[in-house]
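For reference, the structure discussed in these notes is given below.
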Amino acid sequence: MDILGYLLIGFAEALTPQNLALALIGCFIGTIVGALPGLGPVNGVAVLIPLAFSLDLPPGSSLILLTCVYYGCMYGGRISSIMLNIPGDEPAMMTCLDGYPMAKSGKAPEALAISGIASFTGAFIATIGLMLFAPLLVRFAIHFGPAEYFALFVMAFATIGGITGANPAKTLIAATIGLALGAVGIDPQSGVPRFTFGSFHLFDGFHPIVALVGLFAISEVLIMLEQQMHERSQAIKVNRAFARWSDIKPTFPAMLRSSGVGFIAGVLPGAGASLGSFLAYTMEKRYSDKKGTFGTGDPRGVAAPEAGNNSAAGGALVPMLALGVPGSGTTAVLLALLISLNIQPGPLLFQNQPDIVWGLIASLFIANLVLLVLNLPLVGVFTRMLAVPLWALMPLVVMVSFVGIYSISNSSFDLMVMVAFGVVGFVLRKLDISLVPVVLGLLLCREMESSLRRALSISGGDPWILVQSNISIGLYTATALFLATAVFLSMRKRREARISREVEDEYVGD
């Protein structure tokens, strides 16, 4: 049977009243969970797994419910990023860079509409990719070994400077801090505690969500408190409840490019939506930021990461379904669900249980439409959040942050860690050091270290294994091109600034 025939079978399965209702419920719950700082798709899906079992749902229905929650969380994460500068989850971190400046400048409707359409575009393209190109992309992902992943992470860190400002020294300091924080905990190879200072609470390292909420949410509260003490904060003005088509149309090329980048990042097992969002933003900045407007409220800087992280979320389903290898933390939870339901993901899943696979794919198409319809009309509701006084909003942010973090581990120690990260984030922001490299270093440190160690173990300690494959060479070549381009653009910008100053001095002298 061809793909169209299987897809018709999938829609017949997805459009049953029960599965359609579960898809709608999953989209709604997922959007709310994604918008709450500190929760995110992993926790949202994990919390709802007992619900799927308690309702005694069939395997296909359980997977539809939780995958729609997953997609909904990816949509919802953009809301708090744009409105409060607090990412709802890790992939939404990049949306803060341009989404929040747009909201502060009175363009919250545009930012929310662009991010919603970008999320739809990325997720829709990823679902088509899952349906059409999964076998080809899976074969490509199989060739990624530890050495190739290490090269990928090197490229990610090398391109951090392209995101976070014009001061490479401060960017390097921030990335080093992130890598150092990521190394805290039990050494995965030797089992020896590292940098734990004798505290068993640190044996597992710092939870990325705890660090993320602390660095962004708590530091934002401290910044707001400082502004209230020294000057009266200006309320963010919202002129319209909906965005204009003329504001959205120019971002479509960025959405399409970023969707492709994010999908490829999602298909790579273990890369996840965070890397997809990061790479999408970086590449779009390199490609289209001719005037240096990214980071100051450029609509393309909102469209790129949202399309990238949503397409990566869809791409992460490819290795999970076709290989049984999770492409992200959330798909690892979904993989555990499938195994607990006596369903073994892999190539035979498409052959032996096509109703489950194609019912899921059809449900994802439906979920994308539902999420688009759900999010765009509510733009006016979301923009009203900006009218809430800071004295009422900031305690609510703190409360949600504390509740969200405590729900992860039920540990009061994590609450203290979150506050500590908030203080660190406040100090770094006062020193004009970006928080993005800190978080990326914390997120990627363990995986980068693990990839390096596995590669060296395979080669018996020979470092040449890191540059033996064509994929590794290609990634290192791309990294070198990125760095060379960054150096060239930096030198050109300095030269233009120097010429501009000389012209001004001559004008003043005359």
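Quick notes on this one:
- Residue match in the stretch 449-460 (condition: under 30 Å from Leu222 (Cβ atoms) and among the polar types (S, T, N, Q)): no
- Selection within the stretch 1-17 - exposed (fewer than 13 other Cβ atoms within 10 Å of the Cβ) and either outside any helix (DSSP H, G or I) or touching a residue at least 12 places away in the same chain (Cβ under 8 Å) (or both): Met1, Asp2, Ile3
- Where Arg495 falls short, out of the listed (1) within 26 Å of the chain's Cα centre (by Cα); (2) open to solvent by 50 Å² or more (accessible area, probe 1.4 Å): (1)
- Listing of helices (runs of 4 or more DSSP H) fully contained in the stretch 305-418 that carry 2 or more residues being under 22 Å from the mean Cα position of the chain (by Cα) and modelled with pLDDT under 75: 329-340, 379-383, 390-409
- Any hit, the stretch 463-477, residues being open to solvent by 60 Å² or more (accessible area, probe 1.4 Å) and in a loop (DSSP other than H, G, I, E, B): yes
- Count - residues of the stretch 182-206 that are under 15 Å from Val424 (Cβ atoms) and in contact (Cβ under 8 Å) with a residue 60 or more places away in the chain: 2
- Matching residues, the stretch 21-42, being part of a helix (DSSP H, G or I) and either open to solvent by 60 Å² or more (accessible area, probe 1.4 Å) or at pLDDT below 80 (or both): Leu24, Ile25, Phe28, Ile32, Val33, Gly34, Ala35, Gly40, Pro41, Val42
- All positions within the stretch 169-206 that are open to solvent by 40 Å² or more (accessible area, probe 1.4 Å) and either in a loop (DSSP other than H, G, I, E, B) or of a type in the set (Asp, Glu) (or both): Pro188, Gln189, Ser190, Gly191, Val192, Phe195, Phe197, Gly198, Phe203, Asp204, Phe206
- Close contacts from the stretch 424-440, counting a first residue that is part of a helix (DSSP H, G or I) and a second that is open to solvent by less than 10 Å² (accessible area, probe 1.4 Å) and polar (S, T, N, Q), with Cβ to Cβ under 7 Å and a gap of 6+ residues or different chains, come to Gly425/Ser219; Phe426/Ser219; Arg429/Ser219.
- Condition met for Lys285 (modelled with pLDDT of 80 or more, open to solvent by 10 Å² or more (accessible area, probe 1.4 Å) and more than 30 Å from Ala151 (Cβ to Cβ)): no
The values are calculated or read from the model by the stated rules, or taken from the named source; none is laboratory data. The structure presented is a predicted model; accordingly, all values stated were derived computationally and were not measured. Neighbour counts are summed over all protein chains in view; Cβ atoms, including those assigned to glycine, are modelled from backbone coordinates with ideal geometry. Please note that ligands, DNA and RNA were not included when accessible areas were found on the heavy atoms of the full protein model with its side chains. Shrake-Rupley method; radii C 1.70, N 1.55, O 1.52, S 1.80 Å.
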